[in-house]
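First comes the structure, then the notes that go with it.
The values are calculated or read from the model by the stated rules, or taken from the named source; none is laboratory data. Since this is a predicted model, take the numbers as computed values, not measurements. Here the Cβ positions follow ideal geometry from the backbone for every residue, glycine too, while neighbour counts run over all protein chains shown.
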Amino acid sequence: MLEFDFWKALLKILIFLPLVLIFALFFIKFFLSRKSFSFNRGYLQVIEQVGIGNKASLVIVKVGAEYFLYSVTENQIQMINKLPDYVPPQDDIPGSQTFAQVLAKLRQRREADKS
């Protein structure tokens, strides 16, 4: 009788464990992905985010009608610069700015300010 209970429990584990793992992967992929969260509602919007390390990223944030570039690390969030002439990238508009273009403009401004 003890052997039968063992095999019955083992069979349940072998059937339900893969089902639970598949459900967990599905949940993580479709419901907890960053793109599934809508950050583009209301007054404050995260427009674009680029990772620059394991625990650091650059983020373009829209506050009202103004755009700002932030540095986000594990320990702090710091505003780097205001982006007065930033045009958010859109798939429909050819030639819209990319994140690299915005950073290049900021570098040029900083070099001009230093001179």
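Listing for the model above:
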read-out: Any hit, region 91-103, residues being at pLDDT 85 or above, touching a helix residue (DSSP H, G or I) at 6+ places or on another chain (Cβ under 9 Å) and surrounded by 15 or more Cβ atoms within 10 Å (Cβ to Cβ); value: no
read-out: Top-ranked residue of region 38-75 - restricted to ones that are assigned to a strand (DSSP E or B) and of a type in the set (Asp, Glu), ranked as surrounded by the fewest Cβ atoms within 10 Å (Cβ to Cβ); value: GLU66
read-out: Residue check, GLN78 loosely packed, with under 13 Cβ neighbours inside 10 Å and either part of a strand (DSSP E or B) or modelled with pLDDT of 90 or more (or both); value: yes
